[in-house]
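The block underneath contains the structure these notes are about, expressed in structure tokens.
The values are calculated or read from the model by the stated rules, or taken from the named source; none is laboratory data. Computed from a predicted model, the values in this text were never measured in an experiment. FYI the Cβ positions are ideal-geometry reconstructions off the backbone, even for glycines, and counts take in every protein chain you see. Side chains included, ligands, DNA and RNA excluded: accessible areas come from the protein's heavy atoms. Shrake-Rupley method; radii C 1.70, N 1.55, O 1.52, S 1.80 Å.
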Amino acid sequence: MKPFPEAPAIGKPPGARPRTPALPRLRLRWRYVLGALSAIYVLYCYIFSLPLLARPLPQYSGPYPVGAIDIEVSAAEPRVIDEALFKDTKENAFELETVLFTLYYPAAQHAVSRKPKHRWIPRPISATGEGYAKFAHINRFFADKLVTGGLAAMLGSIEIPAQVDVPLADLASIATETPEIRDDMKEVEKVIQIQKGGHPVVVFSHGMASRRTDYTHYAGELASRGYVVALLEHRDGSCPGSVMLRPGYEDRVRMTFDASEVETASGRTFTVDEFKRAQLDFREAEIEEVVHVLRLVNEGRGKDVYKKNSRGEGTDLGNWKGRLNTEEMVVAGHSYGATGAMQALRGGPSAKRPFRGGIILDPGKSSGRLNDDIRVPVLVVHSNSWSRRRSVFYGRAHFDTVRDIVENNVLRGAPSWFATSLGTAHPSVTDAPLLEPLILSWTTGARIDVDEALRQYVHVTEDFLWFLTTGKKRGLLAEKADFPQYDEGSGFGVWKPGQNGSVDGADGEAEGPWFDWRKYWQVHVSPN
């Protein structure tokens, strides 16, 4: 039997056959090539233990090596901070049991640790993955596994560059032996100040949906310049998942939680404002515990801290006696952590919170009222996105609230600054843009180079710490407040280097025709 003949194409003779277009084959080839390249890339990342789609954290740029020590010890006064109970278990939601933080510090020259470097995502990764899934309101078994797997593939192999548990640096010896440092008079002056009064100490509080490892490069850059930074990990429900190690108890994960999951002893549901107040009170208690531990180290009891440290690090803490300035610390924070840092400055300095200054980065817009009872110098920095996006905050503009707090502090005699970092976005001070620069630029709208953004944060922070130590204003802190309001028309990329004849640094020293701080900053409040 003969097969049915093919139907002739319209407008063509019966014997003509339609031509098969080559385009589908071309598309197929491109798909094949892309698939093959993707497979090769994944295999390459697997063989060389590289993260997918992310780049490793860069080395620190300061003149000193950087060390890191994880510390978790039982609270000096274990206590319940607030009456909130978890609805399902009736356990205390805000019970202070241990405090966890990582110390970043200038390390001894040529020190090499025998311990593995800290992972950027602490183990188990599932604690962080399930926490992020819960924040996204998709916490189900399959979603938890999916988010955890994605984190493991993209970021699970990322290491923090700091050497783990190595000795604290003797800056004077390093400066003497290193010509580049010895010939830098500003650095020599800083080393002399540190030798006199000890390393300045910054206690840093992370933001919502964050953890202590989100800010490692900011802390490490400061450490590479001679400062000691304690990055706290809060157990107030704001961290995706925090593993609690306590001697004599089983390890457990403290997951994120919110107001809907807690109640009073009588069964009354917490309001959002009540819950935030409880969180901030808990953060304040954790900050006080960090201060207590650092004082023990500085008093010569570092060996005791090491013995009680459930993380097993700190072998050289016994040699830190008298080397920290623990009577004049600085508290800092980002977002929710900035709100917490402002609260920690309330009525201070005090015996439990000996903070002589505060570094406030993007103070929270939905983390409760901002404390205005501040009597010490503060540096408040808004990212570009934080100033540009107008937000109503308890009946008025958030920007105006922040500006008034800083202005009132200046009027009380405490030199303070409020500025916007141009071209940046809310996450710019975190490690995230360094790891995923393209993704973060697309999703946040940040226009500045990610490395330059963090460099600007570090430089203005160091200038503020220098002011607290010496009373000298330099860099951005020597400038006047030319922008009472954020001015979109003078934003990043609008002001050109050398505009209006500005070619000198704020301290009068020529920086070359490329220099102009207005390319990167708008100053809203200044004591100058």
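Selection of region 161-195 for residues being in contact (Cβ under 8 Å) with a residue 24 or more places away in the chain, of a type in the set (S, T, N, Q) and either assigned to a loop (DSSP other than H, G, I, E, B) or out of contact with any Leu (no Cβ under 8 Å at 6 or more places or on another chain) (or both) yields Gln163, Ser173, Thr178, Gln193.
A single entry from Gly322, Gly333, Gly318, Gly347 fulfils the requirement of being part of a helix (DSSP H, G or I), over 14 Å from His398 (Cα atoms) and not basic (Lys, Arg): Gly318. Of the residues making up region 155-192, those that are closer than 28 Å to Leu434 by Cα and charged (D, E, K, R) are Glu159, Asp165, Glu180, Glu187. Looking across region 475-528, the residues that are of a type in the set (Asp, Glu), modelled with pLDDT of 50 or more and in a loop (DSSP other than H, G, I, E, B) come down to Glu479, Asp482, Asp487, Asp516. A residue that is open to solvent by less than 50 Å² (accessible area, probe 1.4 Å), under 21 Å from Leu232 (Cβ atoms) and of a type in the set (Gly, Ala, Ser) cannot be found anywhere in region 152-160.
All conditions in (1) at negative phi; (2) under 26 Å from the mean Cα position of the chain (by Cα) hold for Glu91, with the sole exception of (2). Selection over region 72-117 of residues that are over 21 Å from Val228 (Cβ atoms), in contact (Cβ under 8 Å) with a residue 40 or more places away in the chain and among the charged types (D, E, K, R) gives a count of 6.
Just the residues that are open to solvent by less than 40 Å² (accessible area, probe 1.4 Å) and of a type in the set (Phe, Trp, Tyr), please, taken from region 369-409. Residues satisfying the conditions are Trp386, Phe393, Phe399. Among the residues of region 429-451, the one identified as free of Cβ contacts under 8 Å to residues at least 12 places away in the same chain and closer than 18 Å to Gln59 by Cβ is Asp449.
Close contacts from region 467-487, counting a first residue that is under 14 Å from Leu422 (Cβ atoms) and a second that is among the acidic types (Asp, Glu) and modelled with pLDDT under 95, with Cβ to Cβ under 6 Å and a gap of 6+ residues or different chains, come to none at all. Right, Val458: over 28 Å from Leu155 (Cβ atoms) and either modelled with pLDDT of 95 or more or of a type outside the set (Asp, Glu) (or both) or not? For Val458, the condition - over 28 Å from Leu155 (Cβ atoms) and either modelled with pLDDT of 95 or more or of a type outside the set (Asp, Glu) (or both) - is not met.
Scanning region 206-222 turns up at least one residue that is hydrophobic (A, V, I, L, M, F, W, C), within 23 Å of the chain's Cα centre (by Cα), farther than 25 Å from Gln163 by Cα and open to solvent by 10 Å² or more (accessible area, probe 1.4 Å). Being more than 28 Å from the chain's Cα centre (by Cα) and open to solvent by 20 Å² or more (accessible area, probe 1.4 Å) is the filter here; which residues of region 175-194 pass it? Answer for region 175-194, where residues must be more than 28 Å from the chain's Cα centre (by Cα) and open to solvent by 20 Å² or more (accessible area, probe 1.4 Å): Thr176, Glu177, Thr178, Pro179, Glu180, Arg182, Asp183, Asp184, Met185, Val188, Glu189, Ile192. Against the list (1) part of a loop (DSSP other than H, G, I, E, B); (2) aliphatic (A, V, I, L, M); (3) in contact (Cβ under 8 Å) with a residue 60 or more places away in the chain, the condition Ile374 fails is (3). Of the set (1) part of a helix (DSSP H, G or I); (2) within 14 Å of Leu100 (Cβ to Cβ), all apply to Arg235 but (1). Just so you know, in region 76-133 the residues that are hydroxyl-bearing (Ser, Thr, Tyr) and in a loop (DSSP other than H, G, I, E, B) include one that is surrounded by the most Cβ atoms within 10 Å (Cβ to Cβ), and it is Ser113. Every condition in (1) modelled with pLDDT of 95 or more; (2) part of a loop (DSSP other than H, G, I, E, B) is met by Ser367 except one, and the failing one is (1).
Screening the candidates Arg277, Arg254, Arg283, Arg225 for the property of being part of a loop (DSSP other than H, G, I, E, B) and buried (at least 16 other Cβ atoms within 10 Å of the Cβ) yields one hit, Arg225.
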